[in-house]
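The structure appears right after this line, and notes come after that.
Where a number appears in this text, it was derived from the coordinates with a stated rule and is not lab data. For clarity, every value in this text was computed on a predicted model and none was experimentally measured. Methodologically, a virtual Cβ is constructed for each residue, glycine included, from the backbone with ideal geometry; neighbour enumeration extends over all protein chains shown.
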Amino acid sequence: MEKYRDWQHDDDYLALVGDLLAKPEVQRLADFTQHYYSNRLEHSIRVSYTSYLIAKKLHLDVRSTARAGLLHDLFYYDWRTTKFNLGTHAYVHPRIALHNAEHLTQLNDKERDIIIKHMWGATLALPKYAESFIVSLVDDYAATAEVAHPWRRQLVAKFAHVNIDENDLK
């Protein structure tokens with residue numbers, strides 16, 4: 001998970017998403033907490049870059065993967081408090097993100113599929129492309145890591161001073 005931090009030094013990746021990262025609408029994602037310990041921009045970059053690296057290794061469409069991965073959560077509300085009558089957050093926010101992304105840049109069919117179906121598993125919308133599966137799975141992994149890693153660090157710090165007798169563990 002730490003490898004995602006290399007994105008700032010990856011010229012090939014930046015060539016694909018730099019125009020999007022420069023947009024105020026994307027930078028505004030930093031104002032929203034995502035998974036308690038990260039903001040939405042950090043999360044989106046983590047998903048985008050990790051998905052890009054996987055797509056690159058598999059010789060898939062890195063451009064669509066990186067760009068749609070960055071835009072997959074392009075919405076501006078706190079999902080823990082804002083509720084919709086149209087369905088759950090898992091159903092609604094990909095549609096809002098797609099709408100916002102389409103107003104930000106021109107999308108191809110694969111990018112649309114990646115964004116709208118990135119909640120596969122929580123929704124029934126089956127991805128059409130390998131790149132859509134990648135972003136969906138990386139999104140799940142990133143969300144889990146963004147919560148679990150800080151909890152683990154807190155737990156280790158809390159118990160670092162506790163001496164445990166190995167006989168008590170038997």
| said: From the phi angles alone, apply the Karplus equation (6.51, -1.76, 1.60; θ = phi - 60°) to segment 38-50 and give each ³J(HN,Hα) in whole Hz, x where the residue is Gly or Pro. | reply: 9, 9, 5, 5, 4, 4, 5, 5, 4, 5, 4, 5, 5
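Ranked by Cβ crowding within 10 angstrom, fewest neighbours first, how are Leu74, Leu124 ordered?
Numbers: Leu74 26, Leu124 9.
Fewest-to-most Cβ neighbours within 10 Å comes out as Leu124, Leu74.
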| Fewest-first ranking of Ile54, Ile116, Ile45, using other Cβ atoms within 10 Å as the exposure measure | Ile54, Ile116, Ile45
| field | Residues His99, His93, His59, sorted so that the one with the fewest Cβ neighbours within 10 Å comes first | value | His59, His99, His93
